[in-house]
Amino acid sequence: GLAGGQILLESGSVADDLIATGGNIVLNSPFEIGGSAVMSGGDVVINVPIGGDLTVSGGTVVINGNVGGDVLVTGGNVAIGSGVTIGGDLTWGSDEFNMHETVTVAGTITETEYEDHHEAFSVAAMVAFLMAAIIFLAGLL
């Protein structure tokens, strides 16, 4: 797990899952995530592929990378870019949602309530992050 004001990941990979929370999170190629990702930040920009599921919340969320599984995205402004492929379901909640016409979603597309879901997600993301940090630190002892 990662926590910080500014998180920028541009090289390497995570074979399994990634949990990150920060003021701004930017994932750029050639970085890649083999498993699932849980992210929460002021601005979250994902320009890399994610092999599993993606759960993300932010003031602004931009998804420009393919996702192998389900996507749950909430934010004040959510954009899914040109040519993105989602291998599962897409569930979104946002004040402003923009999905490029070339996006492919294999499963169903569902709108969820933004305000209620965002607040619950933020708590869930923080609990998940803290649990991951505790497990990581316990492994170091």
**Study point:** Output for segment 38-57, where each listed residue is at pLDDT 90 or above and more than 18 Å from residue 14 (Cα to Cα)
**Key:** 43, 57
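Residue-wise test of (1) part of a strand (DSSP E or B); (2) of a type outside the set (Ser, Thr, Tyr); (3) open to solvent by less than 30 Å² (accessible area, probe 1.4 Å).
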| residue | (1), (2), (3) |
| --- | --- |
| 7 | yes, yes, yes |
| 23 | yes, yes, no |
| 30 | no, yes, no |
| 56 | yes, yes, yes |
| 59 | yes, yes, no |
| 75 | yes, yes, yes |
**Study point:** Residues of segment 53-103 that turn out to be touching a residue at least 60 places away in the same chain (Cβ under 8 Å) and not small (Gly, Ala, Ser), as a count
**Key:** 1
Check your understanding: Any residue in segment 91-98 that is surrounded by 14 or more Cβ atoms within 10 Å (Cβ to Cβ), at pLDDT below 75 and out of contact with any helix residue (DSSP H, G or I) (no Cβ under 7 Å at 6 or more places or on another chain)?
Key -> no
Check your understanding: Identify, please: which residue in segment 37-54 is over 9 Å from the mean Cα position of the chain (by Cα) and outside any strand (DSSP E or B) and is, among those, surrounded by the fewest Cβ atoms within 10 Å (Cβ to Cβ)?
Key -> 47
Practice item. Could you please let me know if residue 65 is open to solvent by less than 50 Å² (accessible area, probe 1.4 Å), closer than 19 Å to residue 98 by Cβ and not in a strand (DSSP E or B)? Key: yes
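The values are calculated or read from the model by the stated rules, or taken from the named source; none is laboratory data. None of these values were measured; they are calculated from a predicted model. Note that we place each Cβ from the backbone using ideal geometry, even for glycine, and neighbour counts take in every protein chain shown. When the accessible area is computed, the model is the full protein with side chains, heavy atoms only, and any ligands, DNA or RNA have been set aside. Shrake-Rupley method; radii C 1.70, N 1.55, O 1.52, S 1.80 Å.
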